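The values are calculated or read from the model by the stated rules, or taken from the named source; none is laboratory data. Values in this document were obtained by computation on a predicted structure and should not be read as measured data. Ideal geometry is used to build each Cβ from the backbone, glycine not excepted, and the neighbour counts take in all protein chains shown. Just the protein is used for accessible areas: all its heavy atoms, side chains included, with ligands, DNA and RNA removed. Shrake-Rupley method; radii C 1.70, N 1.55, O 1.52, S 1.80 Å.
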Amino acid sequence: MRAARHISEQLANQATAPSKFSDQTSAVRFAANRVVDQPYQQLGLFKVKRERLLALCIRLRGEVEACIEQEFLSPSGAEVIAQVEEKLQSHRFSVAVVGEFSKGKSTLLNALLGEEVQPVRDIPCSGAISVLQHGDRKRVICRYRDSSEEEIPIEQYHERATIPEAVAVGEEGKSISGELGGSQIEELIFEHPNLELCKNGVIIIDSPGLNEHPNRTEITEKIVERSDAVIFMTSAQNLLTMTEQQELKLLKRQLNHNLSLAVDQAANNLFVLVNFCDMVQNLQPLKRRAENILLNSQSQLVSAKDKIHFISARESLQSVLSNQSSQYYDDFQAFVGKLTSFLLPENREQGVIGDATTRLNNLITHATQVELQNAEEILDGTRHITDSQKRQILERISEAGARSVRVEELADQLLDRVIDEVDCAWEEWLEAFSSKVEKRSQNWETEYSLFWDKDKVFTDYGNQFRADLQEELFNWANGKVVGGILDPRLRRLDTAILRELEQLQQSCAALDRSIDGNFSQELDFKFQDLDIDLVSGKVFSGVAAGGLLAAGLYSFTLIALGPIAVAGIVAGLVASLGMSLFGHEGAREQAKRKVVEAGIAQFENISGNICDNLVELLRNAFSERLEKFNALTKDLISRLQTQLAQQEKLLAESAAERQAQKEFIKQKRKNLSLLQQELDLVVSSQ
């Protein structure tokens, strides 16, 4: 890009007319085009690999289902393919852009997307959450708060996505907070086939301005929950105000909750962009100030210096649209490169693509070298099951079912104890939480005046109340409930599951010695596929419940506090207090107390349902383990039954039918081997 910038500067010095296309102009555009594509190449390669794997899954499913229909393979193979397909299809990257009004969010998005999609104006603009994603055609879906939705004409997108101009300029009787609070639109989904970042598998979430939104905390909660990375925009002309710093602290807290990290830890997936740098003569003091605020060791907000970028969204957009370099284009490209590298580091690509290819490779290897080979040997007459061996197989089927029942009975007993203890712990927490939140309110801050901006003061305090309540609820659920009550019971269940699996494997090994079978080997294969490790004693990648339930607990707190609307708290207080706080000594402390009282009153109205929601989450922790164990025993039973079915089928067939089936198996093994070679090519492609 330096070469492109150098050429651009030469052209500017020569005052070349834009309508004349010299060789130098072509060189600039060629260089710019090359650089525009580079940041997205890694995402594009990932998308290509994912699509090739999905196409391969369709062909593999056809081969496997044909073998299942002839009872040469067990049905579990088709289930593995379906699981891989679901995971590949659901994998998308989500990036949210947040910040106050008029910070250049929409202009930045247009630069990222390579097209002027988002509405832009000099007064407050965005009025609803907009989700920008890839689609086969241009279309806009409008979702409402009552869960209904409709497709609207493309021409109405800007109208629905923006605040009316009369409201934005503050005409008498109109307010932005009132407009946003009264809107019935939940979000607008804009699908487009050619948006640069979206066509490479990224979903963009654009938020309305946070500073005027009465439900700021709820908006950020919804956005954070569905985002892999969050971009916070501030202005070089008014850098990181007190309100913005509060918003960043809230974002950091929510991002860390979502990933089960300590709330005081710097957020690794938070980027801060300082916009309008083209309007400032000397950037160095601003850079030092931004780094001092964001990288302060006592309250560090972002994880590293490379998460802070200084840009001009307007200049960057012009460069993208004209395919010409500009002074700030390198800075924009550096940010895009860091963002895409964060979204798709080497280990993440290996995780998604690698997991899918490993499971499919294992499936094909097992099908060709174990199951189909066994079926072929039965047809050849080299493998025959006696009546005694048949009884042993039936005994193993009965044993697998009995072990499944024992594990389910233990899980039910442990879950009942967990629920009883959680009920008691909930009552204790309810008695103490009011005083904790009141104590936290002493640290609430606002840059607004009670005299001039009373509604904004209450909004700031209301958002901080909701954030503190959410953190208290999360800490109790994650510490007392998960760490103190749930985790010991899950460890006991894991121990029992592993013991049952070990004994089942020993029984299968004895059966294999009797019938020259492979059931013990097949069980090992299933252990790998389900991520069960008998050696290390793990039923999941991590035995402890905390890591497993972190994201679920965060979602639980969002659902639990959903009915608590900051806008409702603010409206009630502003209407009821009037001028009573003005001129009163300690007015801010009194305002905080009023917010705490109003917030607690709302919380008490919904507290009865919260414990029930938590119990449902705990049930899921047990059911996930049971599903994994039952999948293994079900698969073993299916394979044992397939072995018996093949033997029975052999006795009823003629020599010609057996020969035709041998040819069928030979062809399927060849087809599967070819698919395995294609699978290796997908992984190695660059």
### Query
Just for the stretch 266-291: of the residues that are part of a loop (DSSP other than H, G, I, E, B) and farther than 21 Å from residue 329 by Cβ, which one is most open to solvent (accessible area, probe 1.4 Å)?
268
### Out of 608, 599, sole residue that is under 18 Å from residue 433 (Cβ atoms) and surrounded by 18 or more Cβ atoms within 10 Å (Cβ to Cβ)
599
#### Entry: Residue that is farthest from the chain's Cα centre (by Cα), among those in the stretch 402-443 that are open to solvent by less than 30 Å² (accessible area, probe 1.4 Å) and not hydrophobic (A, V, I, L, M, F, W, C)
403
### Message
Would you confirm, using the coordinates I've provided, whether residue 172 is surrounded by 15 or more Cβ atoms within 10 Å (Cβ to Cβ) and either in a loop (DSSP other than H, G, I, E, B) or modelled with pLDDT of 85 or more (or both)?
### Response
no
### Query
In this structure, does residue 439 turn out to be within 30 Å of residue 463 (Cα to Cα) and of a type in the set (D, E, K, R)?
yes
### Query
Given the residues 494, 512, 487, which is the only one that is of a type in the set (Asp, Glu), in contact with a strand residue (DSSP E or B) (Cβ under 8 Å, 6 or more places away or on another chain) and either at pLDDT 90 or above or assigned to a helix (DSSP H, G or I) (or both)?
494
## Note on the structure
Picked from the stretch 292-308 (must be open to solvent by 50 Å² or more (accessible area, probe 1.4 Å) and not in a loop (DSSP other than H, G, I, E, B)), the residue nearest to residue 337 (Cα to Cα) is 306
### Query
Checking residue 383 against (1) of a type in the set (D, E, K, R); (2) touching a residue at least 60 places away in the same chain (Cβ under 8 Å); (3) surrounded by 15 or more Cβ atoms within 10 Å (Cβ to Cβ); (4) part of a helix (DSSP H, G or I), which single condition isn't satisfied?
(4)
### Task
Go through the stretch 302-319 residue by residue and tally those that are without any contact (Cβ under 8 Å) to a residue 24 or more places away in the chain and more than 27 Å from the chain's Cα centre (by Cα).
1
### Exclusive hit being modelled with pLDDT under 90, surrounded by fewer than 22 Cβ atoms within 10 Å (Cβ to Cβ), out of contact with any Pro (no Cβ under 6 Å at 6 or more places or on another chain) and assigned to a strand (DSSP E or B), set 133, 89
133
### Query
Has the stretch 453-471 got at least one residue that is over 19 Å from residue 611 (Cα atoms), part of a helix (DSSP H, G or I) and of a type in the set (Lys, Arg)?
yes
### Message
Quick check on the stretch 643-659: of everything there that is open to solvent by 50 Å² or more (accessible area, probe 1.4 Å) and in a loop (DSSP other than H, G, I, E, B), which residue is modelled with the highest pLDDT?
### Response
654
